[in-house]
Structure formats: C-alpha cells, structure tokens
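The values are calculated or read from the model by the stated rules, or taken from the named source; none is laboratory data. Remember, predicted model here, so these are calculated numbers, not experimental data. Here Cβ is always computed from backbone atoms with ideal geometry, including for glycine, and neighbour counts include all displayed protein chains. Heavy atoms of the whole protein, side chains included, go into the accessibility calculation; ligands, DNA and RNA do not. Shrake-Rupley method; radii C 1.70, N 1.55, O 1.52, S 1.80 Å.
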Amino acid sequence: MKRILNEDTVKKVGEKVSVCGWVDSIRAHGKILFLDLRDRSGVLQIVVNPKEINNAEDLRGEWVVEVVGEVKERPENMINQEIVTGKVEMKAEAIKILNQAETPPLHVAGDGKEINEEVRMKYRYIDIRRRRMQRNLRKRHEAAHFFRKFLTKKGFIEVETPNLTKSTPEGARDFLVPSRKQPGAFYALPQSPQQYKQLLMVGGVERYFQFARCFRDEDIRADRQAEFTQLDMEMSFVEREDVLDLVEEMFIKVVEEVFPDKKIKEKPFPRISHEKAMKKWGSDRPDLRDNEDELAFAFVVDFPMFEKFEKGFRAEHHPFTKPDASIDEIKKNPEKISAFQYDLVLNGEEIGGGSIRSHDPDILEAVFEVLGHEKEEIRAKFGHLLDAFKYGVPPHGGIAFGFERFLMVLLDEENIREVMAFPKTGDGRGLMMGTPSKNIEKDQLKELHINVLEDDEE
Ligand code: ASP
C-alpha cells in the first residue's frame with residue numbers, strides 16, 4: 001500500500017491507509033495503547049489493541065514504523081485542536097517495524113531550550129526532529145524560495161561564484177586553503193562575493209543575486225557563525241533609492257507571504273541618517289519598536305566613508321563603496337567625507353548592508369591610498385578589478401543580507417544556530433562530525449607542503 005502523510009489522513013475517513021514515521025510517544029490506557037506517530041507533516045494518534053497486534057507492547061520512542069489501519073473520526077469531545085490531524089485517529093490493523101532505536105540521548109518533545117546545547121549539537125540529527133526545528137528549517141526554505149521567485153520576476157539571475165578564491169576585505173580574518181599544485185600558495189574562502197559580483201556587472205549581467213556562503217574567521221557570537229549565508233545582490237544603472245525601494249518591496253512581501261502573523265510597524269521604512277541614529281539612539285542599528293510584537297525596519301544612510309583608528313583609516317563599509325566627494329577631498333579630508341552606504345536594520349539587528357560602488361578606477365585608487373596601501377600592493381591585491389574597470393563598467397550598487405539573522409528575528413529565536421541545520425559552537429567546533437580535525441595523514445600534509453608546528457614551537 002502506498003504511504004500517505006499524517007496530515008492527509010483527515011481526507012481519508014473510513015478508508016484503510018498506510019502511514020510511516022517515528023514513534024513520538026506510546027502510552028497504555030487500560031487495555032489499549034495510544035501511539036502518536038510523527039512524520040514531517042505532524043503527529044497522528046493511532047489506537048493499538050495489543051491483543052490484535054503482535055509485539056505492540058515492545059514498541060519504544062523513536063522506533064521507525066509503518067502502520068496500516070482505518071482512519072476514523074474522533075468523537076466531538078476528543079477533538080484535539082493542537083495537532084493537524086486532531087479530528088481523526090487511526091485504528092491499527094498491522095504494524096511493521098522498519099527500524100528500532102536505542103533510547104535517544106535527548107528528547108524530541110517540546111522546544112528543547114532546556115537541553116544542554118552541546119548535546120543538541122552533537123546529536124543534531126535527533127534534535128532537528130523536534131517541531132520547532134522542523135518549523136525553522138521549513139520557514140527558512142520558504143523564505144529562500146520566496147526571495148528567488150521575487151528576484152527572478154524582477155529580472156535578476158542567480159549566479160554562483162567561486163569559494164576557492166582570493167582575500168576580499170570585509171574586515172575579518174580569512175580562512176585559507178593550501179594548494180597542492182602550487183606549493184606554498186593558498187586560496188582564501190570568500191568573506192563575501194563582493195568583487196565577483198562587481199565583475200559580473202562589468203560582464204553585463206546587470207541584475208545578479210546569490211544565496212552565497214560566506215566565511216569569516218572571527219569570534220562567534222549569538223548572531224554570528226564562521227560560516228553563514230548571505231542573500232547577495234548587485235544591480236547596474238541604479239542609484240541609492242532604486243536599491244532601497246526594491247529591498248523595501250521585497251521585505252514587505254516576504255513578511256506578508258511567509259510570516260503573515262507578523263506586523264510591520266512602519267511603511268515605507270524610515271530612512272535615518274547615520275548622524276541622527278548616533279545622536280538620538282547612540283547606535284547605528286537602533287531598535288525602533290514600541291512594543292515587542294512589531295517588526296521595526298529602518299534604513300540607516302549617509303555613513304562616513306572612513307573610520308579613524310590608531311594606525312590610520314579603515315573603510316567603514318568596504319573600499320568599494322563610493323565616497324560622496326572628489327579625489328582631492330578624499331585625499332585631503334578623509335574623516336569628513338560621507339559615503340553612499342546603507343544598512344537595513346530590523347528590531348535593533350543589522351540584517352543587511354550595501355552601497356553604491358566607485359566605478360571610477362581613480363577614485364578607487366585614492367580610497368586604497370587613504371587606507372594605507374602602497375601602489376604595488378594595490379596592483380597585487382586589486383589589479384584585476386582596476387583592470388576590469390578600464391573596459392566599460394556601468395555604474396552599479398548592491399546589498400547583502402545576513403539570511404540567518406533575518407530568520408532569527410522573524411522566528412523569535414535568540415541565536416542564529418537555531419535557524420541552521422548544522423551550526424558550530426562558539427569556538428568553531430562542529431560537535432557532530434568532530435571538526436576541525438587533527439586526524440590528517442602525514443602524507444596528505446606533505447602533499448600540501450605543510451609542516452604543522454608543535455604547540456611549543458608556535
Ligand atoms: N559585501 C558586503 C557585505 O558582505 C555587502 C555589499 O556591499 O553588498 O557586507
């Protein structure tokens with residue numbers, strides 16, 4: 001018999017069907033057993049008479065079973081509004097054990113917040129059976145699907161860019177990958193696809209997006225992971241308002257379609273200058289909510305181009321951002337100039353940031369100089385971009401969103417680990433697989449031209 005989903009049993013009253021899943025719970029009630037069967041669509045209550053079904057009393061939580069039986073309407077007073085199948089139950093006629101399970105090291109009922117998180121991460125494949133995690137993964141998919149549909153309708157195409165690449169400055173440390181074929185040479189994993197997406201604009205793509213995996217070797221916090229996903233975008237022939245209008249429409253619609261229970265506080269989203277945000281709220285990502293249940297989106301605009309630190313200047317966003325100044329002013333008064341940078345803020349979290357880019361190679365070079373790069377260094381690091389900009393570059397700009405941070409706010413989670421299938425601990429360990437691993441063959445290291453220092457040699 002072909003298996004159906006638990007949620008579809010409500011349409012099959014009076015019929016004999018087959019369902020499959022995990023034993024969520026099993027409890028004796030007088031002479032009969034109540035088995036709650038869990039599959040990806042929800043839970044179904046199954047009534048089992050141990051006299052009719054062999055070994056029914058052996059069944060334990062998390063065993064994987066197939067049950068064949070008749071779907072029956074529940075009496076009015078037994079209806080359970082909490083579950084999708086609450087109006088029906090099944091009377092078991094046969095139970096086939098597909099797989100037995102040991103007693104799991106953590107329970108799957110409830111939201112799991114009281115369980116030690118290291119245990120949850122070590123046994124993630126069990127943890128993601130819980131309803132909250134199933135919902136988070138499903139909503140993550142629905143949001144990604146929505147963004148893909150929306151951007152496709154607006155003329156964007158998704159283009160994948162390399163993960164084995166060269167360092168791009170986004171302000172964090174790079175993860176390096178040794179090259180076997182080029183002794184002593186390393187790739188860097190991308191902190192973002194920033195340069196590639198700009199090169200796609202030189203390539204005439206005009207409207208690009210990508211769900212891009214980004215890698216930043218920095219200390220992990222509640223809203224950060226070493227490896228995370230950005231919804232990354234770039235557009236040609238646009239000004240700041242074109243980008244912001246599109247982003248605003250996209251976020252209003254994703255909330256309406258995927259998170260319809262949520263209410264946006266203010267539309268259009270307020271646009272606040274960086275200066276005002278700092279003066280009034282003391283933060284460049286102000287939380288503008290009046291009460292807890294709202295979604296308070298805002299754009300923060302007109303950031304300073306540079307930030308002064310002990311050794312000189314740093315780009316507030318990144319060096320590819322267009323300064324609102326001439327070459328002379330950039331060189332003379334770096335601390336005074338502002339930039340065409342914008343952030344999207346939601347409930348006090350920065351969920352996205354981007355800018356209109358410098359497409360004039362002379363301006364780019366002036367910015368690199370303020371940042372303290374020597375001429376040869378600029379050539380070595382960014383020669384490809386400066387060269388590309390000699391061959392017909394359209395004015396362009398873009399933005400990237402931290403996909404997990406957005407989901408964390410929309411799903412009322414306090415940590416981005418809760419919206420990722422396989423996250424890492426605060427110190428960058430993957431507990432389930434045991435990563436990173438020292439278990440590397442000597443030969444493999446040799447092939448990579450790597451000599452690992454002992455602790456006391458470092
Ligand atoms: N690459 C930038 C970032 O990751 C976003 C952008 O400028 O589009 O923050």
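Among the residues of region 174-190, those identified as part of a loop (DSSP other than H, G, I, E, B) and surrounded by fewer than 14 Cβ atoms within 10 Å (Cβ to Cβ) are R180, K181, Q182, P183, G184, A185. In summary, strands (runs of 3 or more DSSP E) completely within region 291-388 and bearing 2 or more residues that are open to solvent by less than 10 Å² (accessible area, probe 1.4 Å) and touching an Asp or Glu at 6+ places or on another chain (Cβ under 9 Å) occur at 297-301, 341-346, 349-356.
The single condition among (1) closer than 30 Å to M420 by Cβ; (2) at pLDDT below 95 that E114 does not satisfy is (2).
Of everything in region 415-458, what is in a loop (DSSP other than H, G, I, E, B) and under 14 Å from Q225 (Cβ atoms)? Give them in sequence order.
Filtering region 415-458 down to residues in a loop (DSSP other than H, G, I, E, B) leaves 415, 420-429, 431-434, 436-441, 448-454, 458.
If the condition is that a residue be in a loop (DSSP other than H, G, I, E, B) and under 14 Å from Q225 (Cβ atoms), then N415, M420, A421, F422, P423, K424, T425, G426, D427, G428, R429, L431 are the ones that fit.
Return yes when G353 is over 30 Å from G112 (Cα atoms), at pLDDT 90 or above and in contact with a Leu (Cβ under 8 Å, 6 or more places away or on another chain) and no when it is not. Break it down stepwise before answering.
Numbers: over 30 Å from G112 (Cα atoms): yes; at pLDDT 90 or above: yes; in contact with a Leu (Cβ under 8 Å, 6 or more places away or on another chain): yes.
When the stated conditions are applied, G353 passes them.
Each residue in region 191-227 was checked for being away from the ligand (no atom under 12 Å from the Cβ), within 15 Å of the chain's Cα centre (by Cα) and part of a loop (DSSP other than H, G, I, E, B), and 7 of them qualify. Any residue at all in region 245-255 that is surrounded by fewer than 20 Cβ atoms within 10 Å (Cβ to Cβ) and within 14 Å of the ligand (Cβ to nearest atom)? Checked against the condition, which is being surrounded by fewer than 20 Cβ atoms within 10 Å (Cβ to Cβ) and within 14 Å of the ligand (Cβ to nearest atom), region 245-255 yields at least one hit. A Cβ distance below 6 Å, combined with a sequence gap of six or more or placement on separate chains, defines the contacts here; from region 301-325, residues that are farther than 23 Å from F269 by Cβ and without any contact (Cβ under 8 Å) to a residue 40 or more places away in the chain reach residues that are among the basic types (K, R) and within 16 Å of the ligand (Cβ to nearest atom) in the pairs E307/R314.
Identify all residues within region 73-101 that are open to solvent by 80 Å² or more (accessible area, probe 1.4 Å) and farther than 14 Å from L5 by Cα; write none if there are none.
Residues of region 73-101 that are open to solvent by 80 Å² or more (accessible area, probe 1.4 Å), as a first pass: 73, 76-78, 81-82, 84, 87, 93, 96, 98-100.
If the condition is that a residue be open to solvent by 80 Å² or more (accessible area, probe 1.4 Å) and farther than 14 Å from L5 by Cα, then E73, E76, N77, M78, Q81, E82, K87, E93, K96, L98, N99, Q100 are the ones that fit.
Among residues of region 198-225 that are under 16 Å from P162 (Cβ atoms), those with a Cβ under 6 angstrom from a residue that is in a loop (DSSP other than H, G, I, E, B) and open to solvent by 40 Å² or more (accessible area, probe 1.4 Å), sequence gap 6+ or separate chain, pair up as F215/F175. Within the set A380, A421, A339, the sole residue that is under 24 Å from N116 (Cβ atoms) and either in contact with a Pro (Cβ under 6 Å, 6 or more places away or on another chain) or more than 16 Å from the ligand (Cβ to nearest atom) (or both) turns out to be A421.
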